[in-house]
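Chemist: This is the structure I want to talk about, given as structure tokens.
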Amino acid sequence: MKVISLVGARPQFVKEAVLHPLLKKQQIEEVLVHSGQHYDHDMNDVFFKFLSIDQPKYNLGVGSGSHAEMTGKIMIEFEKIALQEKPDWVMVYGDTDTTVAGAMVAAKLKLPVAHIEAGIRALPKKAPEEINRVMTDHISDLLLCPSQLAADNLCQENIREGVHFVGDVMYDLYLKMKRSFSTGMFDRLKLTENQFILVTLHRDYNVDNPDQLQAILEQLQKVNQTLPVVLPLHPRTKKNIESFGLKSLLENLTITQPLDYLNLMGILQHAKLVVTDSGGLQKEAYFASKRALLVMPDTGWRELTDIGWNKLVTADQLTAACTHSADTDYPPTMYGDGHAGEKIVELLAANGV
Ligand code: UD1
């Protein structure tokens, strides 16, 4: 049996790292294809290096562009590979432009599509990630859900066949790599245990709008007066801060390059709180028993906001929310038993041709 894994953006490398050894163990051939959506050293190479991921057999080298440019270029190039490789499954991950491009190519070639992280519904409906997720789910054959809520969402969207709650591969990876998390960055930045806030921002609604980006940075400046703010900067956020003339609002904050998985998880262990718009980090905060404030209009990981562990906030609420401590007990895991990857591989094998 042959599976094509199509990856392209940072969180997808992390998910593929879980499945790769498991596919190998089952003697399922995996052809790794990289769209090239993320290409900077800190967004790409470091993940392959630290998670011991094999180099992709193909790199489509699409780089950055508008959504249509990226999706279109990936589709054109990926179709050639899919035709040549004739896989039994095309596996796509998450909700990026790479995900939807791969799913559309495969479905139109009548190749079965397996979607890892299916059903993660989040508003606004017109957010690029939600558009990508909805499109992908509607044309996938195996819908591999990380949470029960995700499976229920699909049911409400009238997708009932091929839906499986398998658990979250990011939880699998967290448990597997826990011992290797690095304290390097925490030590280098001379931070104090539980005395800093870890912040990441990259969503279009936060960083492409100058007023919103300014409002968030002004709040972070206020927070930083009582608790140091550590902000690894996504390249998109960095470029926009420069072009909107907001660089002075980074003064006194602790700014780093984007962190690789082991360093990000390492520094997370010591943080007091997380402020983020990342789908992955809000869950990883929970895995690490840390709370996250989500500067997002909505989240796909509603299990955690419904019970009050994580909290959705507007930019204006940030300073107050950072100083207020909630008192919810740590909720038991809702993302499977750490064996989502094995379940996915079993389903691929059982449903293969
Ligand atoms: C993408 C995903 C998002 C995911 C995130 C993880 C889409 C629609 N969004 O968002 O779901 O959470 O990846 O990081 O696919 N850039 C660089 N170097 C890079 C990559 C990006 O400079 O290696 C800059 C470019 O200016 C680019 C911009 O960042 O235009 C945005 O990159 P893009 O891949 O479109 O989206 P992300 O914000 O990374």
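Taken together, the values in this text are just the output of simple stated rules run on the coordinates, not laboratory data. Just so you know, these numbers come straight off a predicted model, no measurement behind them. Glycine also receives a Cβ, built like all others from the backbone with ideal geometry; neighbour counts cover every protein chain displayed.
Chemist: May I ask you to order 166-173, 36-43 by the average number of other C-beta atoms within 10 Å around their residues, highest value first?
Modeler: Going by the mean number of other Cβ atoms within 10 Å, highest first, we get 166-173, 36-43.
Chemist: Considering the stretch 56-132, what Rg and Dmax in Å follow from its alpha-carbon atoms?
Modeler: Every Cα atom of the stretch 56-132 included, Rg and Dmax give 12.6, 38 Å.
Chemist: Another one. Taking a 19 Å limit on the Cα-Cα distance, which of the listed pairs Lys80/Lys126; Lys125/Lys238; Lys2/Lys343; Lys2/Lys110; Lys24/Lys176 fall beyond it?
Modeler: Lys80/Lys126; Lys125/Lys238, as the Cα separations exceed 19 Å there.
Chemist: In what sequence do His324, His67 fall when counting other Cβ within 10 Å, fewest first?
Modeler: In order of increasing Cβ crowding within 10 Å: His324, His67.
Chemist: Give the Rg/Rh ratio for the chain, taking Rg as the radius of gyration of the Cα atoms and Rh as the Kirkwood radius, to two decimals.
Modeler: Ratio value, two decimals: 0.95.
Chemist: Got a sec? How would Arg188, Arg121 order by Cβ neighbour count within 10 Å, fewest to most?
Modeler: Fewest-to-most Cβ neighbours within 10 Å comes out as Arg188, Arg121.
Chemist: Roughly how many whole Å is it from the C-alpha centroid of the stretch 31-74 to that of the stretch 233-252?
Modeler: Cα centroid to Cα centroid, the span is 24 Å.
Chemist: Follow-up question, since we're still on this one. Treating only the Cβ of Lys, Arg, Asp and Glu as charged (+1, +1, -1, -1), what charge dipole size does the chain show about its Cα centre? Round to the nearest 20 debye.
Modeler: 460
Chemist: Using helices alone, what [θ] at 222 nm do you get for the chain, with -39,500 (n - 2.57) per DSSP H run of 4 or more residues, divided over all residues and rounded to the nearest 500? Show your work: numbers first, answer last.
Modeler: On the way: 16 runs with 154 residues, N = 353.
After summing the helix terms and dividing by the residues of the chain, the value is -12500 deg cm²/dmol.
Chemist: Continuing with this model, one more query. Sort Lys190, Lys108, Lys73 by Cβ crowding within 10 Å, fewest neighbours at the top.
Modeler: Lys190, Lys108, Lys73
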